[in-house]
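To keep things clear, I will list the structure first and then write my remarks on it.
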Amino acid sequence: MADESRELTLYVQSKKAVTTFYQPSTTRVGGGAAPALSSPTYDAGASPPSTSASQYEARADESVHFLSDDQARCVALVEEVAQRRSYKVTLIDIEKAGRVERLIAEHLRGVQNFPVLVSPKGGRLEGTASFTEEALSALMPTELKSVRALSYIKVRGGDLDRIRAQLESLDEVKELHFLTGDWDMLAVLDFPPAAGTKRRVLDFVTDRIRGIAEVVDTSTVVPEYSITKFPIP
């Protein structure tokens, strides 16, 4: 059964262009077949090509819908982020939607700027400027594939800038937060799934972090399950 909490709807508003196609007339003035000529097109509202009616005749009017580049960029970004975070996105063009889709889109009444991305939980993004990877990630929270751990650190004396530089040099240390109170720092650690067992995390803390001379104590939390709203690689 599909997880409806992972299904979003993206509403776009295309533009309509009418292109008129011309083809050579089957007869020409004075008898005989008309010469073989190409069938040019022109935009709606523009003047037809400067050829006589005896040379060309209208063949058909065909409606073409297209998205502006800024909306198309948003669609591509949503599809990319959704695929990476295992979400499903249904795309509805309100200019081409049928009766049922228009009824579904009633809650968009009053919306002025498209595209609009709507999540089942009521979150939404409206207008091209709001479509950033950070905003999309927040609307599509997902499980972390890597293993995160939080390590509180207490230091004593020493050069704080040098201690900070040593911690920053460790690939597993992704964030450092400086605190007041019983603990001096909070380090956010990240490990690949294969290397992220609790024992290996604690081995890293005791060997690498506690190996810094000024670090006198640590306390580490290894979550059983993590969800993030931040962008992920």
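Placing a pseudo-label 7 Å from each Cα along the Cα-to-Cβ vector at Asp70 and Gln83 gives an inter-label distance of 2.6 nm.
Dipole check for region 143-228: with +1 at the C-beta of Lys and Arg, -1 at the C-beta of Asp and Glu, and the Cα centre as origin, the magnitude is about 200 Debye.
Each principal axis of region 143-228 carries a Cα extent, and these read 38, 23, 18 Å when sorted largest first.
With 29 Å as the limit on Cα-Cα distance, the pairs of Lys15/Lys145; Lys96/Lys229; Lys16/Lys121; Lys198/Lys229; Lys121/Lys198 that go past it are Lys15/Lys145; Lys96/Lys229; Lys16/Lys121; Lys121/Lys198.
Computed from point charges on the beta carbon alone (+1 for Lys and Arg, -1 for Asp and Glu), the dipole magnitude for region 89-172 about its Cα centre is near 320 Debye.
FYI, it's all coordinate maths here, none of it is from the lab. Not measured: the values here are computed from a predicted model. Cβ coordinates were reconstructed from backbone atoms using ideal geometry, including for glycine residues, and neighbour counts include every protein chain displayed.
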